[in-house]
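Heads up: the structure comes next, in structure tokens.
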Amino acid sequence: MTTRKWDWFRQAERDLEQAESSRREGRHEWACFAAQQSAEKAVKALHLALGQEARGHVVARLLSELPIAVEPELIERGRILDNFYLPTRYANGHPEGPPFEHYGPLHSEDAIRHARAILEFVRPQMA
């Protein structure tokens, strides 16, 4: 059976690049969402590398379901990123105003930092 682990991981890297690009362009809501997607895809790649399939979009859960030790701080980073999955994209994700009014440079900087930490955890374990 062919594994797609590297396809998932390479897309995770590209999504992180998109997050950085969106941040530079001032599209902080998209930077946050792309960072969440990057982390989600990286963890799914690791699940595949370890011989299991992962479903869902909750990064913290995906991390905690890995059959290897994961530092609680990394799971906490996943929890932060999980908050960017829906409200960054939908106009009804906040009590009022479009998503772009709710996210700024501090949000996107933090999201990218958390996603990068997750990719750095996953990368060496992919071999």
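The values are calculated or read from the model by the stated rules, or taken from the named source; none is laboratory data. Not measured: the values here are computed from a predicted model. Glycine also receives a Cβ, built like all others from the backbone with ideal geometry; neighbour counts cover every protein chain displayed. Side chains are part of the model used for accessible areas, which takes the heavy atoms of the whole protein and leaves out ligands, DNA and RNA. Shrake-Rupley method; radii C 1.70, N 1.55, O 1.52, S 1.80 Å.
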statement: Note on segment 17-45: residues of a type in the set (A, V, I, L, M, F, W, C) and under 22 Å from Glu101 (Cα atoms) are Ala19, Trp30, Ala31, Cys32, Phe33, Ala34, Ala35
- prompt: Going through segment 76-127 one residue at a time, which ones are at negative phi and among the small types (Gly, Ala, Ser)?
  reply: Gly78, Ala91, Gly93, Gly104, Ser108, Ala111, Ala115, Ala117, Ala127
task: Determine whether Ala34 is within 15 Å of the chain's Cα centre (by Cα) and either closer than 19 Å to Glu76 by Cα or open to solvent by 10 Å² or more (accessible area, probe 1.4 Å) (or both).
output: yes
field: Residue match in segment 46-59 (condition: farther than 20 Å from Thr3 by Cβ and either open to solvent by less than 40 Å² (accessible area, probe 1.4 Å) or charged (D, E, K, R) (or both))
entry: yes
